[in-house]
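Below are the structure tokens for one structure; questions will follow.
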Amino acid sequence: MKNWHSITATASYTHRTRDFAALDAPDTRTDLADLRFRYRPRGGGLQSNLYYQISNTQIARQEEVFIEVQEGEGNFRFNEELNEFEPDPFGDRVRRILTTNDFIPVVALRLRTDFRLDPKRFFASRAKGRKAGALEKLLTPLTLESFLRIDERTREEDVEKIYLLNLGRFQQDSTTIFGSIEVRQDVYLWENNRKFSLRYRLRTRKEKNNQFVSGGQDRRVQEHRFRVLK
């Protein structure tokens, strides 16, 4: 579907099932889906994109190995108090990720969506010489950009919960192989103005990684940034 009411969209879906007569051969099910959606009305004053992919696949488990090197040549060091390796730019260990032959069937979902609101484009077509109203003066310097990305690889048996984005089933200790949710919000004032422009960015990321044989790892990031150009 192309250029219909400012919408462009493509979608594909493949479903395969394999039933085996032998009792020792498990039946298999494979789903592959890809959706791309774009909405751009009013000359680009509002822009939105959505990318959605799901699949059934197999991934190999990984093993985290720390190799001993000369003092100062590594980037990790063993902390005896915490009983774990921690980053150290002058450490004596280097980190390597080895792929094992242990394959795990998983459901994989990837979603990315972004939203951009540029109010000054809504007023760009107004008649010349017309005096700008209070609302136009207030909104014209402002531009908003939002971004969301979800990546989940899981052994969840109720796959519809994953496909339909039931976030309560995401990043679970018992089922998730790898999960990441990232949100970014940008607020611009006078974007691309050579005299003065300001940008504020809020970025959060929550990640769970159970791919390693040694155990899981959780990571959380929250970032605030200001940028001023003048």
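Please calculate the 1.4 Å probe accessible area of R169, with all protein chains present, and give it to the nearest 10 Å².
80 Å²
Between rounded, prolate and oblate, where does region 40-100 land on the alpha carbon gyration tensor, with a ≥ b ≥ c its root eigenvalues, rounded for a/c under 1.5, else prolate if a/b exceeds b/c? Please report the intermediate quantities before stating the final value.
Numbers: a/c = 4.04, a/b = 2.14, b/c = 1.89.
Judged from the Cα gyration tensor, region 40-100 comes out prolate (a/c at least 1.5, a/b above b/c).
Which of the pairs K161/K206; K120/K230; K2/K120; K120/K206 have their Cα atoms more than 29 Å apart in this structure?
Details: K161/K206 20 Å; K120/K230 21 Å; K2/K120 26 Å; K120/K206 34 Å.
The answer is K120/K206.
Per the helix-only calculation at 222 nm, which mean residue ellipticity applies to the chain, given -39500 (n - 2.57) for every DSSP H run of n ≥ 4 and division by its residues, nearest 500 deg cm²/dmol? If you can, show how the numbers build up before the last one.
Details: 3 runs with 15 residues, N = 230.
Here the helix-only value at 222 nm equals -1500 deg cm²/dmol.
Would you kindly derive the ³J(HN,Hα) couplings of region 68-81 from the backbone phi angles with the Karplus curve 6.51 cos²θ - 1.76 cosθ + 1.60 (θ = phi - 60°), listing them in order in whole Hz, with x for Gly and Pro?
6, 9, 5, 3, x, 9, x, 10, 9, 9, 7, 9, 5, 5
Can you work out the FRET efficiency for the pair W4 and L189, with r the C-beta to C-beta distance and R0 = 35 Å, to the nearest 0.05?
Values: r = 34 Å, r/R0 = 0.98.
Taking R0 as 35 Å, the efficiency between W4 and L189 is 0.55.
Among T100, T176, T17, which one shows the highest mean-square fluctuation when the chain is modelled as a Gaussian network with alpha-carbon springs under 10 Å?
T17
Residues with amide H under 5 Å of V106's amide H, sequence separation 5 or more or different chain, H placed in the peptide plane at 1.01 Å from N; which?
Long-range HN contacts for V106: T57, Q58, I59.
Within straight cross-link reach of K137, meaning Cα distance under 17 Å, which aspartates and glutamates are found once same-chain residues fewer than 8 apart are removed?
D118, E191
The values are calculated or read from the model by the stated rules, or taken from the named source; none is laboratory data. What you are looking at is a predicted structure, and each value in this text was computed from that prediction instead of being measured. Don't worry about glycine lacking a Cβ; one is built from the backbone with ideal geometry, like all the others, and counts go over all protein chains shown. All accessible areas refer to the heavy atoms of the entire protein, side chains included, with ligands and DNA or RNA removed. Shrake-Rupley method; radii C 1.70, N 1.55, O 1.52, S 1.80 Å.
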